[in-house]
1. Could you order the peptides 202-209, 42-49 from most to least packed, using the average number of other C-beta atoms within 10 Å per residue?
2. Along region 161-172, what does the Karplus equation 6.51 cos²θ - 1.76 cosθ + 1.60 (θ = phi - 60°) give for ³J(HN,Hα), rounded to whole Hz, x for Gly and Pro?
3. Per-residue counts of other Cβ atoms within 10 Å, averaged by peptide: what ranking do you get for 171-177, 147-153, 33-39, highest first?
4. Grab the other residues whose beta carbon is less than 15 angstrom from that of TRP49, score K and R as +1, D and E as -1, and report the net.
5. May I ask you to derive the relative contact order of region 99-207, considering only C-alpha pairs under 8 Å and at least 6 residues apart, and to give it as an integer percent?
6. Normalised by the residues of region 4-373, what does the relative contact order come to in percent, with Cα pairs under 8 Å and at least six apart?
7. If a/c stays under 1.5 just call it rounded; otherwise compare a/b with b/c (prolate if a/b is bigger, oblate if not). Do that for region 4-373, with a ≥ b ≥ c from the square roots of the Cα gyration tensor eigenvalues.
8. Exactly which trypsin sites (Lys or Arg not before Pro) in region 138-202 are in a DSSP loop and have at most 15 other Cβ atoms within 10 Å?
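Read the figures in this text as sums done on the coordinates, not as results from a lab. Here the structure is a predicted model, which is why all the values come from computation and not from measurement. Cβ coordinates were reconstructed from backbone atoms using ideal geometry, including for glycine residues, and neighbour counts include every protein chain displayed.
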Amino acid sequence: MNTSIHLFLLFAVLLVALLYTLRPTLDRKKRVVRAITVIMTLFSGLRTWWMGDLIKYYTLYRNCNGPNWKATLTEKWSNMGIRLLFKLSGTLGISYEACIFLIAAFAAISLGIIIYRYSTSPFISYLMYIGMGFYIFTFSGLKQTIAMGFICFAMISILEERPKRFLLWTLIGGFFHAPALIFLLAYPFANKKVDRGYILFLITAFAIVFVFRNSIVSMLSTLYQDDADAYGTASKLIGGRFIVMLLILAGGYYLRPLNSSDKTYSKTFNVMVLAALFQTFSVYNNVFTRLTDYFYQFIILFLPMVLRPFGVLTNEKAQLESPGYFRTKEVYTIAVVAITAYAVYYYMGYLNSSSGYLASFRFFWQLNAHALYGG
């Protein structure tokens, strides 16, 4: 199966999302988000597991329900959640295929909840989620997919100023994928006031990262239970994605200046700053790009907020798409078209770079994975 089906999915989702913009009401928004949630669940949840790391996860599923299941469950302190999930599923007679479907549904539902509550433009939110490659990653990275879903709930807790819930959701996410614990930094940082001290702090933080990042990488690698020397030294100073992040932050700051009363936007802005900070580690290994995604995934909220009118929109008004920060629909339309063009361009490049992996994408009725596995 070639990559065209993934482009078709993107345009199908965006077409549904456009239905909301025709008449932006909460009821229409709820129906649009529900429809897209179903589409994304079915497309991802009905895939065969004969692709990427899903084959390894199937072996883990079998081991968790085999004669030596106790040893499998206790062999590592980290990522215990996925093993317990597999064991519970096997005990209840839930197949591995059903586990994949349930994980896909959880990812789509958690995404839908945060978009419904806080995105002023489902179109831009789903465009960025698929276009930046977050959705395709859920096809293979089951542990992080589950963790990122819980981190969505943690982000909601940040925006609603519920520290206990934030801690709970982040710890649960870390139970499935230990690196998710890095998101614990998000709550205190998201609530920092942007002033002169904030700017000095950022300058200092980025300087420390660039000077000591070899040592920091060695420390962070323990979250993956890897050898501290596994990532060596940086292949280059910075990556292109880091520059793009800085441009997005700069543009956001210019188009919607931070305001002490604009708490939701300020908190989201600060989380995006953390995303840029951790992106500096991606020059070591792709796993650090995935570490950044715990923060960067909230670009799905940040960009719609940037295009919203200056000022505070609360309660139901915060859930409705507005004409945009620019006050005129014409300029807002130009901004959306530009963002869409970039996202599609990035997505096509992402598809091409992942063509070897995506070539194995099949729905479960198209391929007998159990026969190929041979067990």
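1. 42-49, 202-209
2. Result, rounded to whole Hz: 6, 10, x, 5, 5, 4, 4, 4, 5, 5, 5, 5.
3. Order by mean packing, descending: 147-153, 171-177, 33-39.
4. Result for the neighbourhood of TRP49: +3.
5. This gives 21 percent for region 99-207.
6. On the way: 437 pairs, mean separation 81.4, N = 370.
Answer for region 4-373 is 22 percent.
7. Judged from the Cα gyration tensor, region 4-373 comes out oblate (a/c at least 1.5, b/c at or above a/b).
8. Of the trypsin sites (Lys or Arg not before Pro), the ones in loops of region 138-202 whose Cβ has at most 15 other Cβ atoms within 10 Å are LYS192, LYS193.
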